[in-house]
Ligand SMILES: Cc1cc2nc3c(=O)[nH]c(=O)nc-3n(C[C@H](O)[C@H](O)[C@H](O)COP(=O)(O)OP(=O)(O)OC[C@H]3O[C@@H](n4cnc5c(N)ncnc54)[C@H](O)[C@@H]3O)c2cc1C
């Protein structure tokens with residue numbers, strides 16, 4: 001009674017992972033992607049141990065580790081570049097490291113190859129025009145004029161999801177958090193061997209290794225407007241926002257004069273869709289259901305876990321309604337934990353002033369290792385219904 005064929009909407013991280021996971025279970029999968037091939041947005045990404053475990057389930061762990069920079073724990077520093085605390089990670093196992101930084105394009109290419117190897121067909125530059133679910137199947141009409149009937153439609157079409165609006169209604173609107181992230185790819189500094197974060201007043205910067213040669217910089221700032229600044233202004237605005245930092249971030253700031261290009265600016269938005277995430281045979285997953293702020297580097301991790309659990313559950317010998325409900329019960333507590341914790345961190349960071357910075361730093365020194373251990377011990381628990389880790 002499990003599904004025989006499925007449509008995945010969106011060929012981002014979650015959609016490609018879902019195509020690979022479903023295809024490996026013998027499901028005939030089509031993927032439809034609105035963008036043209038090769039348009040990967042973003043710079044680098046950290047894949048925490050739980051994401052690596054999900055990537056292992058897709059058969060791509062070795063490729064990911066070979067492409068990236070595995071590391072344990074995070075180094076937290078103040079704006080004068082003095083260490084606040086080095087926090088070990090409770091993620092990972094004998095098989096998977098605690099974390100692995102890598103280029104987004106590399107992760108995307110690995111997942112694309114995995115989905116194709118699992119038999120998925122990907123159609124680019126196309127979107128869904130109409131969806132009719134008659135209870136026994138879903139008739140889908142595409143913008144290229146084609147029609148096809150599916151047992152299941154899984155929408156991984158990102159935070160601005162058109163499928164969410166279509167299936168769950170228009171009331172669930174992504175909320176701007178008041179913060180944005182600036183990112184840029186750079187040559188790796190030898191001392192950047194793990195996520196290294198610098199905490200300032202209302203601003204947090206970081207450097208993340210992506211491989212032996214490269215790293216990416218991220219800077220989280222409070223920004224009133226969601227509009228992307230003009231390309232010509234990006235480097236000077238970023239330099240201004242880096243002004244309070246000494247150490248490696250100061251060196252990054254100085255480099256912007258000679259290399260002002262390739263800055264990616266992302267306003268941070270969240271959406272938190274209450275259960276159920278499905279109507280009939282159509283389900284919304286990944287960022288479309290639970291886009292989080294990136295403070296725990298867990299957004300893609302949650303989308304990839306969604307994908308693996310989706311394939312587990314919908315290929316069981318039972319009705320689809322039961323399978324999708326079981327999936328949601330497994331996924332919702334984890335995605336809620338990530339969203340709530342990540343949001344709390346953002347609010348705390350945004351509220352730091354010059355007066356409260358010393359106290360905030362003392363609190364990190366005293367509490368962060370224990371708080372991280374508590375959270376990561378939960379995230380390191382098995383995320384699938386049966387032990388397949
Ligand atoms: C600044 C920043 C840093 C981050 N860092 C990390 C990190 O270090 N680690 C981590 O795990 N996560 C991180 N994340 C989160 C991560 O990027 C997302 O959670 C992840 O990409 C979600 O995957 P997804 O497949 O659900 O959505 P997406 O990756 O956004 O993919 C959605 C896809 O759907 C396509 N699409 C959109 N509309 C349509 C349509 N109508 N029809 C067809 N296709 C459509 C899009 O073109 C896209 O390809 C970060 C996010 C941000 C903003």
request  = Express as a percent, rounded to the nearest 5, the fraction of DSSP beta bridges in the chain (both residues included) that run antiparallel.
outcome  = 70
note = The alpha-carbon pair-distance distribution computed for the stretch 133-254, with 5 angstrom bins and whole-percent values, is 2, 8, 14, 15, 12, 10, 8, 9, 9, 7, 4, 1, 0
task = Please work out how much length the chain gains when fully extended from residue 148 to residue 201, using 0.36 nm per residue of separation minus the C-alpha to C-alpha distance, in nm with one decimal.
result = 13.7 nm
ask   = log₁₀ I(q)/I(0) of the stretch 318-389 at q = 0.26, 0.28 Å⁻¹, via Debye over equal Cα point scatterers, no solvent, to two decimals?
value = -1.21, -1.27
query = Once the mean 1/r over all distinct Cα pairs of the stretch 157-201 is inverted, what Kirkwood radius in angstroms do you read off?
reply = 14.8
note = Per principal axis, largest first, the Cα atoms of the stretch 98-155 extend in Å by 44, 25, 18
Pairwise FRET efficiency - residue 191 versus residue 109, Cβ, R0 = 30 Å, nearest 0.05 = 0.55
query = Taking only Cα atoms, what is the 0 to 90° angle, nearest 10, from helix 104-117's long axis to the longest principal axis of the chain?
reply = 20
inquiry  = Rounded to two decimals, what is the ratio between the C-alpha radius of gyration of the stretch 1-49 and 2.2 N^0.38 Å?
reply    = 1.33
key: Gyration tensor (Cα) of the stretch 189-249, equivalent ellipsoid semi-axes in angstrom   = 23, 14, 10
inquiry  = If I take R0 = 51 Å and measure r between the Cβ atoms of residue 228 and residue 317 in this structure, what FRET efficiency does the formula 1/(1 + (r/R0)^6) give, to the nearest 0.05?
reply    = 0.55
query = Which residue, 57, 11, 360, has the most motion in a Gaussian network model of the chain that connects Cα atoms within less than 10 Å?
reply = 360
ask   = So how long is each side of the stretch 1-127 along the principal axes, counting just the alpha-carbon atoms, biggest first, in Å?
value = 54, 32, 24
Burial ranking of peptide ranges 257-264, 71-78 (average Cβ count within 10 Å, highest at the top) = 71-78, 257-264
ask   = What 222 nm value per residue comes from the helices of the chain, counting each DSSP H run with n ≥ 4 as -39,500 (n - 2.57) and dividing by all residues, nearest 500 deg cm²/dmol?
value = -11500 deg cm²/dmol
ask   = Dividing the alpha-carbon radius of gyration of the stretch 237-305 by 2.2 N^0.38 Å (N being the number of residues), what value is obtained?
value = 1.67
inquiry  = Report the per residue volume, in Å³, of the convex hull enclosing the C-alpha atoms of the stretch 37-81.
reply    = 124
message = At 1.567 mPa s and 4 °C, plugging the Kirkwood radius over alpha-carbon pairs of the stretch 190-292 into Stokes-Einstein gives what diffusion coefficient in µm²/s?
response = 80
Rg [Å, one decimal], Dmax [Å, integer] - the chain, C-alpha atoms = 20.8, 62
message = Report the Cα-based extents of the stretch 118-188 along its three principal axes, largest first, to the nearest Å.
response = 50, 34, 22
task = Mind ranking 266-273, 231-238 by how tightly packed they are, going by the mean number of other C-beta atoms within 10 angstrom, highest first?
result = 266-273, 231-238
note = Here the Cα Rg-to-2.2 N^0.38 Å ratio for the stretch 52-197 is 1.43
task = Place the peptides 350-359, 168-177 in order of packing, highest mean first, counting for every residue the other Cβ atoms within 10 Å and averaging per peptide.
result = 168-177, 350-359
note = Kirkwood-based Rg/Rh on the Cα set of the stretch 281-352 evaluates to 1.09
request  = Quantify how much of the Cα-Cα distance distribution of the stretch 241-376 extends past 26 Å, in percent.
outcome  = 45
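Each reported figure results from applying straightforward, stated rules to the coordinates on display, with no laboratory input. The structure presented is a predicted model; accordingly, all values stated were derived computationally and were not measured. Glycine gets a Cβ as well: all are built from the backbone with ideal geometry, and neighbour counts include every protein chain shown.
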